[in-house]
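Novice: Structure in structure tokens, see below.
Laboratory data are not the source of any read-out in this text; all were calculated from the coordinates shown. Model, not experiment: these values are computed from the prediction. Counting neighbours? That spans all protein chains shown, and the Cβs are built from the backbone with ideal geometry, glycine included.
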Amino acid sequence: MSTTRRVYEITGPDAWTRLVGAYPLAVPASRRSDWYEATGEHLQWYLPDWAAVSVDYDAVHLTVLGYLTTPGLALPLTTHTGASVLAGWDPDATFWLDPRLVRVDGRPVEWQRTGDTPWAPAPVR
């Protein structure tokens with residue numbers, strides 16, 4: 001496998017709408033109420049078709065600037081009648097589309113929380 005990673009950078013609203021426009025997946029029913037609540041808009045909603053994106057990219061990275069300028073807005077698409085909202089991402093997050101490129105250092109640790117107790121590593125079984 002090549003060591004060159006194909007990473008799409010979301011640096012702002014234009015980069016997000018280019019990604020959604022190039023790989024559109026209509027999600028009207030699943031996002032209608034949530035995105036209406038966030039934006040006040042009744043639109044045809046789209047997300048990237050992640051399976052299609054994975055053909056051309058190994059990962060999608062949301063930069064800090066992208067995080068500060070893009071989430072929560074109804075962003076109109078130029079290639080389709082409708083819009084998209086970037087939601088559910090953290091700043092400087094990378095969504096890896098090819099699991100072969102993700103490496104875990106050390107043993108994974110399972111965390112648990114019971115009731116009002118703070119999160120803690122689960123006992124090793």
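Novice: Between Thr11 and Trp119, what is 0.36 nm times their sequence separation minus the Cα-Cα distance? Round to one decimal in nm. Mind showing how you got there, number by number?
Specialist: Details: separation 108, 0.36 × 108 = 38.88 nm, distance 3.28 nm.
Here the answer is 35.6 nm.
Novice: Can you classify the stretch 1-55 as rounded, prolate or oblate using the Cα gyration tensor, where a ≥ b ≥ c are the square roots of its eigenvalues, rounded means a/c under 1.5, and otherwise it's prolate if a/b beats b/c and oblate if not?
Specialist: Prolate shape, in that a/c is at least 1.5 and a/b is the bigger ratio.
Novice: Put +1 on the Cβ of every Lys and Arg and -1 on every Asp and Glu Cβ in the chain; which of Gly12, Leu65, Leu97 then has its Cα farthest towards the positive end of the dipole?
Specialist: Going by the charge dipole, the pick is Leu97.
Novice: When Rg/Rh (Cα atoms, Kirkwood Rh) is calculated directly from the model, which label among (i) 1.06; (ii) 1.03; (iii) 0.97 fits?
Specialist: The value computed from this structure is option (i).
Novice: Could you work out the relative contact order of the stretch 15-109? I mean the mean sequence separation of Cα pairs under 8 Å and 6+ apart, divided by the number of residues, in percent.
Specialist: Result for the stretch 15-109 is 31 percent.
Novice: Is there a quick way to get the dipole size of the chain? I mean about its Cα centre, with the Cβ of Lys and Arg at +1 and of Asp and Glu at -1; what is the value in debye to the nearest 20?
Specialist: Here the size comes out at about 340 debye.
Novice: Further question on the same structure: Any idea how far the Cα center of the stretch 80-125 sits from the one of the stretch 45-73, in Å?
Specialist: Going from one Cα centre to the other spans 16 Å.
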